[in-house]
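These notes concern the structure reproduced below.
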Amino acid sequence: MLTSVELLPEKSKDDLIGLLKEMWTIRYFDEKVDEFFAKGMIHGTTHLCVGQEPTATGPCAVIQEDDKITSTHRGHGHCIAKGADINRMMAELFGRSTGYCKGKGGSMHIADVEKGNLGANGIVGGGIPLAAGAALTAKMKNKDDVILSYFGDGAANEGSFHESLNLVSIWDLPVVFICENNQYGMSGSVKEMVNIENIAERASSYGIPGVIVDGNNLIEVMNETHKAVEHAREGKGPVLIEAKTYRWKGHSKSDARKYRTREEEQFWKEKDGIKRYRDLLIQEGLLTEEEAEKLRKEAKQDVEDAVTYAEKSPEPGLDTLLEDVYA
């Protein structure tokens, strides 16, 4: 067990090491997707979470299996953290029938209801009211489910954010709102879009706790999310967590990032959450340099295997073109 930090709830050595592999898997998955979009092998669009891995992994690591999440248009990391099959995820991006949406949904519509992932969402802030609805369902059915609702700093300016926080606050619904503040909504700096220093300050307007965490510190993200989840599960109502983080890539695959400097990007890359967590595990004697490198290679190979699976999977047939389509 870690000695230099307090970890709530306590995790086994294997659990802690597994979280490192999970974050590497998220990174390599998105880097591979980026590569294929650049080559024109995947079509549509995608939004990558490279650099934000701890904000995806940490919260999902401290919830129960039956708890639910709602995701965003930048949702690959959330899906993987909630236990999604990366083979089916990659197949979906390749437009293959073995994908989560049978190749018809693409990057922004992956869902895995059996694992409690209520879905990525192409609408900014679209998952927030869905989380409120799922929490209301849990309360009406006397279930102890907690819902994690991921969204970005841009979504915090949407009406869905304010309406949902107001509603769940009034009804004390079990939602933990996780704002992944990666500093930019598309090409707009959060400093130009919000006239307060911290988005978490908005929690006080709805009479709920607001917490700020270092989104590149996995342990801090886990600890604060665990406290918030227990608060919600005990019937005390929602919590708003703002995780300060940074997306290394552009807003989407077509973003050249002309609105920010390479010096700024380097500043944040030096705060890499994966490296910080890897170094901590080695410092605590839970992992050696050699074991860490083996783990990294395993994660990378898992992603390569997912690519092979996707490439060998069949495309949807014309006879199924109108299946699962609703109007």
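Tabulated data for the structure shown
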quantity	calculated
Furthest towards positive pole of dipole, LEU280, PRO314, PHE267, structure part the range 251-322, Cβ charges	PHE267
Unit charges at the beta carbon, dipole of the chain: most positive-side option, VAL146, GLN64, PHE94	PHE94
At R0 = 22 Å, FRET efficiency that the Cβ-Cβ distance of ASP305 and GLU31 yields, to 0.05	0.90
The range 83-146 versus the range 176-201: alpha-carbon centroid distance in Å	24 Å
Three-way shape call for the chain based on the alpha-carbon gyration tensor, with the a/c threshold at 1.5	rounded
Per-residue [θ]222 nm for the chain (sum of -39500 (n - 2.57) over DSSP H runs n ≥ 4, rounded to 500)	-13500 deg cm²/dmol
Of LEU218, ALA135, HIS162, farthest towards positive along the dipole that unit charges on Lys, Arg, Asp, Glu beta carbons give the chain	HIS162
Charge dipole magnitude, Cβ of K and R +1, D and E -1 - the chain, Cα centre, debye nearest 20	620 debye
Debye-sum result for the range 60-215 in log10 I(q)/I(0), which assumes one identical scatterer on each alpha carbon, at q = 0.10, 0.12, 0.16 Å⁻¹	-0.36, -0.52, -0.90
Stretch gain in nm, segment LEU321-LYS258, where the contour uses 0.36 nm per residue and the Cα spacing is subtracted	18.7 nm
Accessible-area order (highest first, 1.4 angstrom probe) of the listed residues TRP171, TRP24, TRP248	TRP171, TRP248, TRP24
Assigned charges on the beta-carbon of Lys, Arg, Asp, Glu; the range 220-314 dipole about Cα centre (debye)	580 debye
Computed accessible area, VAL239, all protein chains, 1.4 angstrom probe, square angstrom	10 Å²
Carbon + sulfur, % of accessible area of the chain - ligands and nucleic acids excluded, 1.4 Å	50 percent
Which of ASP255, ASP324 is most accessible, then next, and so on - probe 1.4 Å	ASP324, ASP255
Probe 1.4 Å, accessible area per residue of the range 34-76, Å²	31 Å²
Cα pair count fraction exceeding 15 Å, expressed as % - the range 3-65	60 percent
21 Å Cα-Cα threshold exceeded, pairs from LYS82/LYS227; LYS21/LYS271; LYS249/LYS312; LYS32/LYS275	LYS249/LYS312
Theoretical FRET efficiency, 1/(1+(r/R0)^6), r = Cβ-Cβ of ASP279 and LYS312, R0 35 Å, to 0.05	0.40
Estimated distance in nm for a label pair at ASP172 and GLU293, the labels positioned 7 Å out from Cα along Cα-to-Cβ	5.5 nm
Total charge dipole magnitude, the range 12-110, about the Cα centre, Cβ charges on Lys, Arg, Asp, Glu only, Debye to nearest 20	380 debye
Segment VAL113-GLU265, length gained on full extension (0.36 nm per residue, minus Cα span)	51.2 nm
Mean projected area in nm² (Cα convex hull; one quarter of hull surface) for the range 233-299	8.5 nm²
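The values are calculated or read from the model by the stated rules, or taken from the named source; none is laboratory data. If you're wondering where the values come from, they're calculated on a predicted model, not measured in any experiment. For neighbour counting, all protein chains shown are included, and Cβ atoms are generated from backbone atoms with ideal geometry for every residue, glycine included. Please note that ligands, DNA and RNA were not included when accessible areas were found on the heavy atoms of the full protein model with its side chains. Shrake-Rupley method; radii C 1.70, N 1.55, O 1.52, S 1.80 Å.
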